[in-house]
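One structure below.
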């Protein structure tokens, strides 16, 4: 099976990279964390215009998909540029509603999917394996909640909590609201949405790890000790080589999972990228020395993101268990 990107996918990645570089996403993400969402909303609409949020939406609902491989391509770039906002959650919501439509529950799909695809509506959600909190519900236009009663449109959210990542806020959806669907179809759609959320999170983690590696390599080439760049020291070379190997082993797992969307493949991608990005963060923090600990230094945006993505939609233990189950 071929996991390499084709020419169109590589061009898509390059165009997103150029767009996000021009948008100065690091400043935008800092503004988002400080409560100024206007620059982030502008970046969101540019991503929507590039088709990012249409990739998980079927064509009959004004989308481009479902295209999980292209979704993975996009989220690698979102991770590389530390983009803020409930992007994973919007894609997962689109996957949830799309799967419900495929199972005959079309009303919610017709109501929400065209606006999600166009970027006119952002979404966040809670899923059974994702914990009780939704990401950025105070910013998202709709908050969906899946629980034992089914799927509902939440009427709001509880008190907003800080996350380890300053550009993420968490809150539990309020009880009640409008019921949208119930029964076995919701259970199946929630499993489907969780796979999409895990894939997008894995791709984002890969991008975060690559950004951390790039910045650390640049730093060790400039920082000197004993009259030589620390990047010339054998121990530093070995440490960064380990990071590179972990990321390069994780990359084909992400795109392999995007090709199959099989539960075991998605689980393996989530585990590998979480570990690789976390390892990149640990190496980056150590090799940057004292400046790596400062929130004012841009490296902190990726350090904190690597940690929260590691536990998003279930920690490594949950996904390792799913790898084992899939192989039994």
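We did not get these values from a lab; they are worked out from the coordinates using the rules stated. Note that the structure is a prediction, hence the values are computed from the model and not measured. Every residue, glycine among them, receives a Cβ derived from its backbone with ideal geometry; neighbour counts consider all protein chains shown.
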Å³ per residue enclosed by the Cα convex hull of the stretch 7-187: 107 Å³
Using Cα centres only, tell me the gap between the stretch 291-309 and the stretch 150-188 in whole Å. 27 Å
How would you rank 293, 61, 133, going from fewest to most other Cβ atoms within 10 Å of each one's own Cβ? 293, 133, 61
Fluctuation leader among 123, 74, 300 - the chain, Gaussian network, Cα springs under 10 angstrom: 300
If the elastic network links every pair of Cα atoms under 10 Å, which of 272, 23, 167 fluctuates the most in the Gaussian network model of the chain? 23
Can you give the extra length, in nm with one decimal, that the chain gains between residue 59 and residue 244 once fully stretched, where that is 0.36 nm per residue apart less the Cα-Cα distance? 62.8 nm
Stretchable slack from residue 111 to residue 34, in nm (0.36 nm times residue separation minus alpha-carbon distance): 24.5 nm
Using only Cα positions of the stretch 195-327, each an equal point scatterer, no hydration layer, compute I(q)/I(0) via Debye at q = 0.13, 0.20 Å⁻¹ and quote the log10 values to two decimals. -0.54, -1.03
If neighbour count is taken as other Cβ atoms inside 10 Å, put 302, 327, 32 in order from fewest to most. 327, 32, 302
Whole number please: convex hull volume per residue of the Cα set in the chain, in Å³? 134 Å³
1/(1 + (r/R0)^6) with r = Cβ-Cβ of residue 149 and residue 295, R0 = 35 Å, i.e. FRET efficiency to nearest 0.05, evaluates to 0.30
Between residue 21 and residue 232, what FRET efficiency follows from the Cβ-Cβ distance if R0 is 30 Å, with the result rounded to 0.05? 0.55
Rounded to 0.05, the calculated FRET efficiency for the beta carbons of residue 162 and residue 141 at R₀ = 35 Å is 0.95
Most fluctuating residue of 276, 31, 190 in a GNM of the chain with Cα springs under 10 Å: which is it? 31
The exposure ranking of 122, 163, fewest beta-carbon neighbours within 10 Å first, is 163, 122
Using just the helices of the chain, give the 222 nm mean residue ellipticity in deg cm²/dmol: DSSP H runs with n ≥ 4 each add -39,500 (n - 2.57), and the total is spread over all residues, rounded to 500. -20000 deg cm²/dmol
